[in-house]
1. Working only within the stretch 137-149, note down all residues that are assigned to a helix (DSSP H, G or I) and exposed (fewer than 14 other Cβ atoms within 10 Å of the Cβ).
2. Could you check the stretch 11-37 and list, in sequence order, the residues that are in a loop (DSSP other than H, G, I, E, B) and under 16 Å from residue 265 (Cβ atoms)?
3. Inside the stretch 190-236, can you point out the residues that are assigned to a loop (DSSP other than H, G, I, E, B), surrounded by fewer than 16 Cβ atoms within 10 Å (Cβ to Cβ) and in contact with a helix residue (DSSP H, G or I) (Cβ under 9 Å, 6 or more places away or on another chain)?
4. Have a look at 240, 263 and point out the one that is touching a residue at least 60 places away in the same chain (Cβ under 8 Å), part of a loop (DSSP other than H, G, I, E, B) and surrounded by 17 or more Cβ atoms within 10 Å (Cβ to Cβ).
5. Give the residues of the stretch 129-161 that are free of Cβ contacts under 8 Å to residues at least 12 places away in the same chain and over 19 Å from residue 236 (Cα atoms), sorted by residue number.
6. Going through the stretch 153-189 one residue at a time, which ones are exposed (fewer than 11 other Cβ atoms within 10 Å of the Cβ) and within 19 Å of the chain's Cα centre (by Cα)?
7. Take the conditions exposed (fewer than 13 other Cβ atoms within 10 Å of the Cβ), modelled with pLDDT of 85 or more, out of contact with any strand residue (DSSP E or B) (no Cβ under 8 Å at 6 or more places or on another chain) and over 18 Å from residue 79 (Cα atoms) and apply them to residue 250. Does it pass?
């Protein structure tokens, strides 16, 4: 009895080196940020004052609309091309060719995201010698400002990463397709279903788990992300690409307003939680129907 208990506690002891960094660098900063959200710079309790300030912050309100546009565009570009490519790879008759194509899509995952952003900024969207304007000039069209124009900046951010085939999403969808029972596919063939009918009636319903996972991850990443704007536009021009995450960053590390920045972060966390619950419920409802 005692030996079994000692063995059990020994197993728990091996988890301590994992949980200590998690608590120190994860939970404690989150608790401190929660406290800062309800205090001022002197440490005095101010209640919901920072929340009220957020509703009066025009830049923050505008950044929310920008974030929603990028979030919707990001969800579409991250999932539709990856799902279609996964279908094509899954239906290749040559397993060797399918493996080679998978390898080609995995290679870009090894390239740092920062490098990809810089290539698009300075080699493709650069106003003077970028490839995008060179193509427009060759077609007899006027060059565009791309990242430097408030009218085209958001479109330029969406275009970064074209053709938008994420290696991670591709592998997740492909794994889901490969997990479909062979008996289901054989029954589908016996019924004379074509590719589109099988995709709509069989593949999509059975990929609901993967769709739910990528939808939730897309919402979380889309609402928190600001690295792209930080590296390319700094939220400009004229705040056309400002998102809440970048505004929170500027409040904390440019204006040293850590209390207000913490309140923005707390609000974003709550919104992400609510959207995640809603999306999870909607997908479950659709599947049950």
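1. The answer is 137, 138.
2. Across the stretch 11-37, the qualifying residue is only 37.
3. 191, 234, 236
4. From the options 240, 263, the qualifying one is 240.
5. 129, 131, 134, 135, 136, 137, 138, 139, 140, 141, 142
6. Answer for the stretch 153-189, where residues must be exposed (fewer than 11 other Cβ atoms within 10 Å of the Cβ) and within 19 Å of the chain's Cα centre (by Cα): just 163.
7. When the stated conditions are applied, residue 250 does not pass them.
For (1) touching a residue at least 40 places away in the same chain (Cβ under 8 Å); (2) in contact with a strand residue (DSSP E or B) (Cβ under 6 Å, 6 or more places away or on another chain); (3) over 24 Å from residue 76 (Cα atoms), each residue gets a yes or a no:
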site	(1), (2), (3)
163	yes, no, no
182	no, no, yes
190	no, no, yes
201	no, no, no
212	yes, no, no
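The values are calculated or read from the model by the stated rules, or taken from the named source; none is laboratory data. Quantities reported herein were computed from a predicted structural model and do not represent experimental measurements. So basically every Cβ, Gly included, is an ideal-geometry build from the backbone, and we count neighbours across all protein chains shown.
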